[in-house]
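Read through the structure below, which is laid out as structure tokens, and then see the notes.
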Amino acid sequence: MRIIASSFIALLGAAALVGCSSSDSGTEPPGNQTPGNEMLEPPAEGTGVQYRMKSTIEPGTEVERCQLFVAPPEGLNINREKVRFSTGSHHVLLYTTPYTEIPATTRDGTPIDATEVHDCSKGPQAYWEVNGVVAGSQSPDGNSFLGDLPEGVALKVAPGTVLLMNTHYLNSSAKPLDTDARINLYTIADDEVKTEAGMLFHYNPFISVPPRGTSSSQMRCTTENDISVVRIQSHMHRRGVGYVARKVDADGKTTELYAHDRWEGVPSQEFTPFLEVKAGEALEYRCDFKNTEDRNIAQGLTTKDEMCMLIGPYFPRSAAYENCRDEAGFFTPTWTGSGTSTCAEALSCINSTPNGDDAAFYGCVVNTCASVGPQISEALSCQINGGYGACDEDCSQDAEACNTCIVTACGAAVEACEAATCD
């Protein structure tokens, strides 16, 4: 049995916090701002903060840019946000980081003044550590992730937390493009906070679209706690041609919540009243892709790759569920393929795929039939989670001991996978 590569396991921690691709369409002339952008003034004193990035994008270039800020010493209890940004971008994001002061070097040791706007075109995580997403938008008309939360509900940022603001712009015009991105965070006092909110950031790593072909990627995340979901949004890159999200009851009954065919200018689904997801119930979502290129498209962090995500604020906060983990911290999604392969064929495919061939590796799961989703998911999850903690000590020593332990710990899951057939 081939053990899932540690590089893939590490990806699951970072990929759920990545940015997104920009549009391949043309941009507006320099200085042409989204209507209302120039009117997004900072919150009144004592009611919140504004984080703002301005930069100029040279003609014919695509760049990601970052800037680091420090949250106020009293922290932030965010009850509402507004986002505006210039045309030419697909997203503006604000991340939390583990830093308590702004680093003087990037992750690879390069000296930098990160308080200034700087290039981060390999993706923010290549330069900085990040913990989660606070705010942002994929829509220049202000349709943001967090939006408005109920009275007494707030997404909390600890005092002095270093925040990372990230934009991704494409300037396909012949002139420089002046950009302006602004995020307003409106806050409430500590004694007004009755419930802490969180941000769902569910990320499906199994995406593979053949040349000139189509495929779908589907993932289900089950919660162990009762939560109320305020709104949800999708996230795909430009090959995304369809999206649907559903609620799955404990008895398996599904209810469609949200469906569309847009990868940019993404709509959100507001829930009034809020969507109640009880312990044992799940959120499930599917992305449909169409590849017009003569190469395989796989999941990844750049515009050459694809993504499939479900994003949205909810309360009360369940930090594990935000990234599709259980309360023990294990990554436990159910992946459903869109092909005809059995679970045993998928394992054989994984074992025979050369290291580094991401599209083929992810395709082994994408190409499974729907009925073996639970079995292939359990076999993979057991490996990804190191036998659900049983192999932590061995895996802290050396690769051979780790692999031996995981083969034993995950043996039953692999046997169940090999026995599962397509209905």
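The values are calculated or read from the model by the stated rules, or taken from the named source; none is laboratory data. Only a predicted model underlies this, so the values are computations on that prediction, with no experimental measurement involved. All Cβ positions, glycine included, derive from the backbone under ideal geometry; neighbour counts span all protein chains shown. To get the accessible areas, we keep the full protein, side chains included, count just its heavy atoms, and leave off ligands, DNA and RNA. Shrake-Rupley method; radii C 1.70, N 1.55, O 1.52, S 1.80 Å.
Starting from 0.36 nm per residue, how many nanometres of slack lie between E224 and D398 once their C-alpha separation is accounted for? Show your work: numbers first, answer last.
Numbers: separation 174, 0.36 × 174 = 62.64 nm, distance 3.34 nm.
Residue separation times 0.36 nm, minus the Cα-Cα distance, leaves 59.3 nm.
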Problem - From the C-alpha gyration tensor of segment 147-253, square roots of 5λ in Å - result: 31, 28, 11
Handout entry: Charge tally in the Cβ shell below 10 Å around T222, where Lys, Arg are +1 and Asp, Glu are -1, T222 excluded
Key = -3
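Any chance you could run the full-extension gain for S371 through A189? It's 0.36 nm times the residue separation minus the Cα-Cα distance, nm to one decimal.
That works out to 60.6 nm of additional length.
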Completion exercise
Extend 7 Å from the Cα of A126 along its Cα-to-C-beta direction; within segment 163-204, residues with backbone N under 16 Å of that point are 166-170
Handout entry: A158 versus K278: modelled label distance in nm, points set 7 Å from Cα along the beta carbon direction
Key = 3.5 nm
Completion exercise
Over its alpha-carbon atoms, segment 79-220 yields an Rg and a Dmax in Å of 17.6, 56
Handout entry: Rounded, prolate or oblate (a/c below 1.5 giving rounded, otherwise prolate when a/b exceeds b/c) for segment 285-387 by Cα gyration tensor
Key = oblate
Handout entry: Spatially proximal lysines relative to K175 (Cα-Cα < 25 Å; intrachain offsets below 8 disregarded)
Key = K54, K122, K304
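Solvent-accessible area per residue for the chain at a 1.4 Å probe radius, Å²? Please list the in-between numbers first.
Details: 17310 Å² over 423 residues.
Ligands and nucleic acids excluded, the figure is 41 Å² per residue.
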Handout entry: Share of carbon and sulfur in the accessible heavy-atom surface of the chain [1.4 Å probe, %]
Key = 48 percent
Problem - D (Stokes-Einstein, µm²/s), Kirkwood Cα radius, segment 193-351, 1.002 mPa s at 20 °C - result: 131 µm²/s
Fill in the blank from the handout: tail above 16 Å in the computed P(r) of segment 343-423, as % of all Cα-Cα pairs, reads 53 percent
Completion exercise
Taking the chain and counting helices only, DSSP H stretches of n ≥ 4 at -39,500 (n - 2.57) each over all residues, the nearest-500 ellipticity at 222 nm comes to -4500 deg cm²/dmol
Problem - Förster radius 56 Å - calculated FRET efficiency between Q50 and S352, Cβ distance, rounded to 0.05 - result: 0.60
Practice task
Please list, in chain and number order, the residues 5+ apart from G88 or on another chain whose amide H is under 5 Å from its amide H, with Hs placed from the backbone.
Solution key: E28
Practice task
Tell me the label-point distance for the pair F330, R262, using the 7 Å Cα-to-Cβ offset, in nm and rounded to one decimal.
Solution key: 4.0 nm
Exercise for the section: Would you kindly calculate the mean projected area, averaged across all directions, of the convex hull enclosing the Cα atoms of the chain, in square nanometres? Expected result: 20.8 nm²
